[in-house]
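Peer 1: Take this structure, written in structure tokens, and hold onto it; I'll ask about it next.
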Amino acid sequence: MTSVKKFKMPMIIGFVFLFLLFYDPSTAIKSSGVMWDYFKEMAIIMPAVFLMMGLMEVWVSKDKIQMWLGSGSGIRGIAISLFLGTLPTGPLYVAFPMTASLLKKGASITNMVVFLGSWAALKIPQLMVEIKFLGLPFAALRFILTFFFLIIIGLLMDFLLEENYIKEKINE
Amino acid sequence: MRIIIMIYSLLMICLVISIIKSKEKSKRAFKVAGKALIKTAPSLLTVLGIVGLTLGILTPETISKLVGSEAGYLATIMAAVLGAITLIPSLVAFPLAGSLLRSGATIMTISAFITTLVMVGIVTAPMEIETLGKKFTLLRNSLGFLAALIIAGIMGVIL
């Protein structure tokens, strides 16, 4: 029963897709092409990501994560999160499970919001493309503003989420 | 491709070190990885399906038609919403934004599109909810959307 519930969303999407296949076959074919491309990407990256996570879970101690990324890590913690996020490491969905295990190990919410945000918005290879097509002033200004707002969102979320949110939601 | 090679070589190095240091712990790492993979599989599938459908329907051509060359706040809001619901690789998104800019869209509209594109992920939300919880996901994405609008406004004024 629970497994049926878990696959509810994929099933709904399957129905939408079937509907599209009759209603607008060319779009459906294009969609399936996109799905196939992303599936290949996920199938290649995800096993490696989960294994890395497993290794981190087993080898990196809670104290270390807490020291580097915990709530007392201050500006250094934010700098580390920004640095880790901007590394060329692949699509955002890869970062979610990593963030979850870092949170479990004691990283602060503020730092993890900065980490996720810079992963999505401030990746170095992505910035290169941005500079090429939209110019350096655009890219530089967006980088600074985005980083600034990520810290604010992080602090705000740290304030808004209850203290035991991580324990309840993620550790289950 | 280069990224994949990088990830896997890093993984290999870590794995070898781990196995040399302790077989027991390495086994446990595999177990943790397997369990996490099974747990996130349904939401991964969901993300895959939504990405396929949105990218199939909202192609770069459709987006440029919708955002168009019109100025005005309506175009900016439209761009922000489109950026929030789509998940376009940056190699496609930035050239698209560049061509929109040349065809007459304002800086504010372009930055709204780019910032929501990277800061808000409606498509990846099912997976974010599964791994980080509903409240975290909702807060991060809605605050991100607000921030994106403010950023777009500031950029429109400065540039």
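Peer 1: Considering only residues that are surrounded by fewer than 23 Cβ atoms within 10 Å (Cβ to Cβ) and more than 13 Å from the chain's Cα centre (by Cα), look in the range A:96-123 and name the one that is farthest from A:I65 (Cα to Cα).
Peer 2: By that ranking, first place goes to A:K104.
Peer 1: If I ask for residues that are in a loop (DSSP other than H, G, I, E, B), of a type in the set (D, E, K, R) and more than 9 Å from every other protein chain (Cβ to nearest Cβ), which ones from the range A:85-134 would you list?
Peer 2: Answer for the range A:85-134, where residues must be in a loop (DSSP other than H, G, I, E, B), of a type in the set (D, E, K, R) and more than 9 Å from every other protein chain (Cβ to nearest Cβ): just A:K105.
Peer 1: If you check every pair at least six apart or on different chains, which have Cβ atoms under 6 Å apart with a residue in the range A:11-24 that is within 9 Å of chain B (Cβ to nearest Cβ) first and a residue that is part of a helix (DSSP H, G or I) and hydrophobic (A, V, I, L, M, F, W, C) second?
Peer 2: Partner pairs satisfying both residue conditions: A:L20/A:A28.
Peer 1: Could you please find all residues in the range B:78-94 being assigned to a helix (DSSP H, G or I) and either at pLDDT 90 or above or of a type in the set (A, V, I, L, M, F, W, C) (or both)?
Peer 2: B:M78, B:A79, B:A80, B:V81, B:L82, B:G83, B:A84, B:I85, B:L91, B:V92, B:A93, B:F94
Peer 1: Turning to a different aspect of this structure: Out of all the residues in the range B:32-66, which are more than 23 Å from A:K30 (Cα to Cα) and polar (S, T, N, Q)?
Peer 2: Within the range B:32-66, B:T40 is the sole residue that qualifies.
Peer 1: Could you list, in sequence order, all residues of the range A:59-81 that are touching a residue at least 60 places away in the same chain (Cβ under 8 Å) and of a type in the set (G, A, S)?
Peer 2: Answer for the range A:59-81, where residues must be touching a residue at least 60 places away in the same chain (Cβ under 8 Å) and of a type in the set (G, A, S): just A:S71.
Peer 1: Between residues in the range B:110-139 that are in a helix (DSSP H, G or I) and residues that are among the acidic types (D, E), which pairs lie under 9 Å by C-beta distance while being six or more apart or on different chains?
Peer 2: Filtered contacts from the range B:110-139: B:I114/A:E130; B:K135/A:E162; B:F136/B:E128; B:T137/B:E128.
Peer 1: Going through B:K23, B:K65, B:K31, B:K39 one at a time, which residue ends up being of a type in the set (K, R) and touching a residue at least 12 places away in the same chain (Cβ under 8 Å)?
Peer 2: Working: B:K23 fails: touching a residue at least 12 places away in the same chain (Cβ under 8 Å); B:K65 fails: touching a residue at least 12 places away in the same chain (Cβ under 8 Å); B:K31 fails: touching a residue at least 12 places away in the same chain (Cβ under 8 Å).
From the options B:K23, B:K65, B:K31, B:K39, the qualifying one is B:K39.
Peer 1: Taking A:L141, is it surrounded by fewer than 19 Cβ atoms within 10 Å (Cβ to Cβ), out of contact with any strand residue (DSSP E or B) (no Cβ under 9 Å at 6 or more places or on another chain), more than 30 Å from B:S103 (Cβ to Cβ) and not aromatic (F, W, Y)?
Peer 2: Here the answer is no, as A:L141 does not meet what is asked.
Peer 1: Right, next: Only one of B:A105, B:A93, B:A147 is hydrophobic (A, V, I, L, M, F, W, C), buried (at least 17 other Cβ atoms within 10 Å of the Cβ) and more than 9 Å from chain A (Cβ to nearest Cβ). Can you tell me which?
Peer 2: Values: B:A93 fails: more than 9 Å from chain A (Cβ to nearest Cβ); B:A147 fails: more than 9 Å from chain A (Cβ to nearest Cβ).
Checking each option against the conditions leaves just B:A105.
Peer 1: What do you reckon, is A:L122 free of Cβ contacts under 8 Å to residues at least 60 places away in the same chain and closer than 23 Å to A:L102 by Cβ?
Peer 2: Numbers: free of Cβ contacts under 8 Å to residues at least 60 places away in the same chain: yes; closer than 23 Å to A:L102 by Cβ: yes.
Judged against the criteria, A:L122 is a match.
Peer 1: OK, next. More than 9 Å from every other protein chain (Cβ to nearest Cβ) and either modelled with pLDDT of 90 or more or closer than 14 Å to A:T86 by Cβ (or both) - does that describe any residue in the range A:162-170?
Peer 2: Within the range A:162-170 (the criterion being more than 9 Å from every other protein chain (Cβ to nearest Cβ) and either modelled with pLDDT of 90 or more or closer than 14 Å to A:T86 by Cβ (or both)), the answer is no, since none of the residues qualifies.
Peer 1: Could you please find all residues in the range B:1-59 being surrounded by 14 or more Cβ atoms within 10 Å (Cβ to Cβ), in a helix (DSSP H, G or I), out of contact with any Leu (no Cβ under 9 Å at 6 or more places or on another chain) and among the hydroxyl-bearing types (S, T, Y)?
Peer 2: Hits for the range B:1-59 are B:Y8, B:T40, B:S43, B:T46.
Peer 1: Run down B:L11, B:L37 and say which single residue is modelled with pLDDT under 90 and within 8 Å of chain A (Cβ to nearest Cβ).
Peer 2: The unique qualifying residue is B:L37.
Peer 1: Can I ask one more? Given the conditions (1) among the aliphatic types (A, V, I, L, M); (2) within 7 Å of chain B (Cβ to nearest Cβ); (3) over 21 Å from the mean Cα position of the chain (by Cα), which single one is not true for A:I29?
Peer 2: (2)
The values are calculated or read from the model by the stated rules, or taken from the named source; none is laboratory data. Nothing here was measured: the structure is a model prediction, and the numbers come from that model. So basically every Cβ, Gly included, is an ideal-geometry build from the backbone, and we count neighbours across all protein chains shown.
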